[in-house]
Structures are given as structure tokens and as C-alpha cells.
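Novice: Dropping the structure in here first, questions after.
A short reminder: the numbers here are calculations on the coordinates, not readings from a lab. Just so we're clear, the structure is a prediction, and the values are computed from it rather than from any experiment. Methodologically, a virtual Cβ is constructed for each residue, glycine included, from the backbone with ideal geometry; neighbour enumeration extends over all protein chains shown.
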Amino acid sequence: MKIRLIDGIEVQRGSDNVFADLGLPDADKLKIKTGLVIEIRKAMSNGGLTQQEAAKRMGITQPKVSDMMRGDFTNLSERKLMDCLTRLGYDIEIKVRPAKAEVGHLMLAAA
């Protein structure tokens, strides 16, 4: 990565995955889960749902929704987060195609 100097501070452009840039384990998984939680938050906001109402629709407890809204979603799998989104009225499409590089990657694209 190219490093630039801006106002005496070294600046380096990151990748498209801040978790990988920070060297966190399971960075791809964290990126996907974060993207799903962002979409859940949008769905709740767009639907005017309280945490209690959203919890009932998603089939989880209100404390789990509260944890999710505060950024703690370690207790929820990617599959469960996708299930929550579908219960909130969203379609999820998974595409599989050959990678351009030797090793492929996971990506979440929200409309």
C-alpha cells in the first residue's frame, strides 16, 4: 500500500475491509456480519420498529436486539442475521462465481 504524508502525518489507504486492515481474525466474517447488522438497523428504522417489535418479528429476544444495536453481535451467526433480515421483509441473494484471484473473498452488497 502506498503511504502519503499529509500535514506531517503518514496516511495509508486501507483496503475495503477495515477489520483485515486492523489485523483482526475472521475479518471477512466480521465484515459480512457488520453489513447485515447495518441492514437490520435500516430495516428497523424504515419500519419504525421498536426493539421489542423487531425482536418479535426476528424471533430473538429484545436484549439480543439491544446488544446488536450497540455493536455486540458476536452471539449471532451470519445465518441467524440473514434469517432476521428475511423476517423483516428483505430478500437475500447469494451469488457464487469463479474468483479473479487465486483465493476468493466474501462480499455483501446492499441495495
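Novice: For a protection proxy built on the mean count of beta-carbon atoms within 10 angstrom, sort 92-102, 78-88, 40-50 highest first, please. Intermediate results must be reported in sequence, preceding the final value.
Specialist: Details: 92-102: 6.7, 78-88: 17.1, 40-50: 14.7.
Top of the packing list down: 78-88, 40-50, 92-102.
Novice: Among all lysine pairs in region 1-94 that are eight or more places apart or on different chains, how many have alpha carbons less than 18 angstrom apart?
Specialist: Counting lysine pairs in region 1-94 gives 12.
Novice: Using mean Cβ contacts within 10 Å as the protection proxy, how do 56-66, 17-27 order, highest first?
Specialist: Result, highest mean Cβ count within 10 Å first: 56-66, 17-27.
Novice: Right, here's the next one. Points 7 angstrom from Cα along the Cβ direction at His105 and Ile92: gap in nanometres?
Specialist: Here the answer is 2.1 nm between the modelled labels.
Novice: Which value in nm describes the separation of the simple spin-label points at Thr50 and Asp28, placed 7 Å from the Cα toward the beta carbon?
Specialist: In this crude label model, Thr50 to Asp28 measures out at 4.1 nm.
Novice: Hey, what's the Cα Rg ratio for the chain versus the globular rule of thumb, 2.2 N^0.38 Å? All intermediate terms of the calculation are to be shown ahead of the outcome.
Specialist: Numbers: Rg = 17.1 Å, N = 111, 2.2 N^0.38 = 13.2 Å.
Ratio of Rg to 2.2 N^0.38 Å for the chain: 1.30.
Novice: When only Cα pairs under 8 Å and 6 or more residues apart are kept, what is the percent relative contact order across the chain?
Specialist: On the way: 83 pairs, mean separation 25.9, N = 111.
Computed value for the chain: 23 percent relative contact order.
Novice: Mind checking the angle between helix 78-87 and the chain's longest principal axis? C-alpha axes, 0 to 90 degrees, to the nearest 10.
Specialist: Helix 78-87 sits at roughly 50 degrees to that axis.
Novice: Report, in debye and to the nearest 20, how large the dipole of the chain comes out about its Cα centre when Lys and Arg carry +1 and Asp and Glu carry -1 on their Cβ. Walk me through the intermediate numbers first.
Specialist: Working: 18 positive and 15 negative charges, 51 e Å.
Using only the charged Cβ atoms, the result is roughly 240 debye.
Novice: Need the full-extension length gain, Asp67 to Leu5, defined as separation in residues times 0.36 nm minus the C-alpha distance. One decimal, nm. Could you put the intermediate results ahead of the total?
Specialist: Working: separation 62, 0.36 × 62 = 22.32 nm, distance 3.89 nm.
Additional length available on full extension: 18.4 nm.
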